[in-house]
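Structure first, then comments.
The values are calculated or read from the model by the stated rules, or taken from the named source; none is laboratory data. Computed from a prediction, not measured in an experiment: that's the story for all the values here. Reconstructed Cβ throughout: ideal geometry from the backbone, glycine too, with neighbour counts over all protein chains shown.
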Amino acid sequence: MEIIEKTLVGRGLKTAWLDGGKRGANILCFLHGFPDDAKVWLPLMQHFASDFRVIAPMIRGAGKSVSCRGLHRFTPDAIALDVLQILRQVDPSAKKNIILVGHDLGGILAWHIARLIEDRLRALVIINSADLIQVWRRKSMPRQILKSWYVFIMWLPLIPNILWRVAPHLLANIGYTSGGLPQEFTAAKRNTAILHQSMKQYRAFALEFLRKRLWRQTAALKVPVLAIHGKKDAFLLPATLAEFAGLALNIQLRVIDGNHWLQLEQTKKIYQLIETFLKDHKVAA
Amino acid sequence: MNSDTHMNSSIEVGFRKAQRLAYDAVECVATEIREGWTEFQATDLVKTYLQDFGVRAFFHEPFAWFGDRTRFDGVKTYADFSPTYRRFTHDTVGLLDVAPIVNGFVGDIGYSFCKSPSKEFMQAMGELQKLRRLLPTLMNEASLASTGGSAVWKLIDEKIREDGYDNIHRIYPFSVLGHRVRRLPFAALALRSPVPFSWHAVLSILLKGIYPDLLGPSHHGSLKGLWAIEPHLGGDGFGVKFEEILVVDDKGARWLDDNVPHARQEFAVSSRRMRAG
């Protein structure tokens, strides 16, 4: 089924997303992470396209989503507004149900947006990711801190920018290889412009820990949540159920043999896990 | 030329731009507000929208009030105006109020909305529209007669109560129906203060004096200048308001911009509303 890139102008900037699937059906919204663009979801989107409307927003600087100076358009709230405007374009009456699927930083966004659209949300799927509160809970886990070495580098001023200028492909290769990105995808993904823009997202997300809004009480999500982790993920330890306390009332955790880019490495398996999960919770297309 | 007596058109353009941006922000967020959103979530997104357009400072930070908080039920202290965990439901009234500073120009606005508008909500909005039509005439007459704003305040208060509503702007600090807006210095400095009003707001008041700048029941003195006018009325369990800039100069009194949400749509004006009980 054809999936094409569409754009709108949202709050002064061109914002893009991949769009396809079954018109009039409920919406599967895929949120990519670092340092990807929405095309990371294409194989999985093709699997679901016959039953759902499938969309995948491009974060600022990815695809045709125009980037900007500064961090303000990379915060969870700013990206959430972009996604809400895309959803409004795709479903103007806001009547369709939504299933959010997030990977990596896209998983953090998925948690955040889930709290804004909970009345239309039917399920949340998180792949190799964690909510910001979970990230905070991991601050006393030495193994996680070691795995997150690259995050601390990205939070430094100037140094990451210099590194990306001096040796962008080398750094990209380190990331993709250690993350287990399948070989057939690595050449296509050496888009260092995305790397630079995605870094801003890391910095913007880091600033959230200093903001009051992260620490406000939020009610646990009532929608069913499926969290999938790869046992060999180079960047994240698999979650435990205890980590989700206060975040969601209905969690299913699946830890499978795999790396960081599970949706590319094991597309069919991830599709089956999600499909079974949706059927078990009677989430229809 | 004294800019207070004959409005400089570039000043009007600056304020109009700030006001339109503020209204764009609240309309966008109000469109997206869904059942379950807290007032905090609404104000966070209003602020984000404005920051996306380069706003770094606010005359006052965004407020959001849902349900009976739109008529300030339970509001006893200044802190009670701030956003809370109150959640929006599809049949409640919501109110968003924000004042971004855009290149020194303040766009102080207030916006009422309801996702499933009831007859009572529509009637109250009609009442607000009636007041909107009346206010320029009253301000112009008071300006020409040099009676000050207290006469305007009292007439509006009377009209609201005659039509069976409560005067909610009486609950605001100093019971203001409106306040002057001026171009602010140091607008690029996003200085936080301990209250939801910025240091720009506090300085502005200290430099010009509190009372001439507040359109309350005791206002005396000149009415010439720009005013953020905010009539706020209360029905049973809800309140509605608008807030926008009124220009008073040698040419008379007029709204800065007729392209505002509450003026775009005609709300039917009811006959006198009967209050229960």
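Residues in the stretch B:26-47 that are within 18 Å of the chain's Cα centre (by Cα) and either more than 9 Å from chain A (Cβ to nearest Cβ) or not aliphatic (A, V, I, L, M) (or both): how many?
So the first thing to find is which residues in the stretch B:26-47 are within 18 Å of the chain's Cα centre (by Cα), and the list is B:26-30, B:39, B:42-43, B:46-47.
Subsequent filtering for residues that are either more than 9 Å from chain A (Cβ to nearest Cβ) or not aliphatic (A, V, I, L, M) (or both) retains B:26-28, B:30, B:39, B:42-43, B:46-47.
Count: 9.
Consider the stretch A:62-89 and keep the residues that are surrounded by fewer than 17 Cβ atoms within 10 Å (Cβ to Cβ) and charged (D, E, K, R). The one that is modelled with the lowest pLDDT is A:69. Any chance the stretch A:225-238 includes a residue that's surrounded by 13 or more Cβ atoms within 10 Å (Cβ to Cβ), among the β-branched types (Val, Ile, Thr), touching a helix residue (DSSP H, G or I) at 6+ places or on another chain (Cβ under 8 Å) and farther than 19 Å from residue A:102 by Cβ? No: zero hits. Of the helices (runs of 4 or more DSSP H) contained entirely in the stretch A:190-274, those carrying at least 1 residues that are among the aromatic types (Phe, Trp, Tyr), in contact with a Ser or Thr (Cβ under 9 Å, 6 or more places away or on another chain) and in contact (Cβ under 8 Å) with a residue 12 or more places away in the chain fall at A:192-207. Could you please let me know if residue B:204 is surrounded by fewer than 20 Cβ atoms within 10 Å (Cβ to Cβ) and either modelled with pLDDT under 90 or hydrophobic (A, V, I, L, M, F, W, C) (or both)? So residue B:204 fails the test.
Of all residues in the stretch B:221-244, exactly one satisfies the criterion of being within 16 Å of residue B:130 (Cβ to Cβ) and of a type in the set (Phe, Trp, Tyr), namely B:242.
Applying the selection to the stretch A:111-128, what residues are without any contact (Cβ under 8 Å) to a residue 12 or more places away in the chain and among the β-branched types (Val, Ile, Thr)? Walk me through it before giving the result.
Residues of the stretch A:111-128 that are without any contact (Cβ under 8 Å) to a residue 12 or more places away in the chain, as a first pass: A:119.
Result: no residue meets the conditions.
Within the stretch A:5-60, the residues that satisfy the criterion of being within 14 Å of chain B (Cβ to nearest Cβ) and at pLDDT 95 or above are A:8, A:9, A:14, A:15.
Residues A:73, A:88: which one is closer than 24 Å to residue B:32 by Cα, among the basic types (Lys, Arg) and free of Cβ contacts under 8 Å to residues at least 60 places away in the same chain? Lay out the reasoning, then the answer.
Values: A:73 fails: free of Cβ contacts under 8 Å to residues at least 60 places away in the same chain.
Within the list A:73, A:88, the selection yields A:88.
Filtering B:72, B:63 for residues that are touching a helix residue (DSSP H, G or I) at 6+ places or on another chain (Cβ under 8 Å), within 24 Å of residue B:184 (Cα to Cα), modelled with pLDDT of 95 or more and away from chain A (no Cβ under 14 Å) leaves a single hit, B:63.
One line per residue, one yes/no per condition, for (1) out of contact with any helix residue (DSSP H, G or I) (no Cβ under 8 Å at 6 or more places or on another chain); (2) assigned to a helix (DSSP H, G or I); (3) touching a residue at least 60 places away in the same chain (Cβ under 8 Å); (4) among the basic types (Lys, Arg):
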site	(1), (2), (3), (4)
B:20	yes, yes, yes, yes
B:26	no, yes, yes, no
B:31	no, yes, no, no
B:80	yes, yes, no, no
B:84	no, no, no, no
B:99	no, no, yes, no
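From the list B:110, B:149, the lone residue that is modelled with pLDDT of 95 or more and either among the hydrophobic types (A, V, I, L, M, F, W, C) or buried (at least 20 other Cβ atoms within 10 Å of the Cβ) (or both) is B:110. Candidates are the residues of the stretch A:10-26 that are in contact (Cβ under 8 Å) with a residue 40 or more places away in the chain, closer than 26 Å to residue B:25 by Cα and over 16 Å from the mean Cα position of the chain (by Cα); the one that is surrounded by the fewest Cβ atoms within 10 Å (Cβ to Cβ) is A:14.
Looking at the stretch A:133-154, can you tell me whether even one residue there is at positive phi and within 21 Å of the chain's Cα centre (by Cα)? No, the conditions are met nowhere in the stretch A:133-154.
Within the span defined as the stretch A:96-110, every residue fails to be facing chain B (nearest Cβ under 9 Å), touching a residue at least 12 places away in the same chain (Cβ under 8 Å) and surrounded by fewer than 24 Cβ atoms within 10 Å (Cβ to Cβ). If the condition is being touching a helix residue (DSSP H, G or I) at 6+ places or on another chain (Cβ under 9 Å) and acidic (Asp, Glu), then the stretch A:52-103 contributes A:77, A:82.
Go through the stretch A:117-132 and give me each residue that's within 14 Å of chain B (Cβ to nearest Cβ) and in contact with a Leu (Cβ under 7 Å, 6 or more places away or on another chain). Matches in the stretch A:117-132: A:118, A:121. Tell me, please, whether a residue that is farther than 23 Å from residue A:68 by Cβ, within 14 Å of chain A (Cβ to nearest Cβ), at pLDDT 95 or above and in contact with a Gly (Cβ under 7 Å, 6 or more places away or on another chain) can be found in the stretch B:2-25. No, because not a single residue in the stretch B:2-25 is farther than 23 Å from residue A:68 by Cβ, within 14 Å of chain A (Cβ to nearest Cβ), at pLDDT 95 or above and in contact with a Gly (Cβ under 7 Å, 6 or more places away or on another chain).
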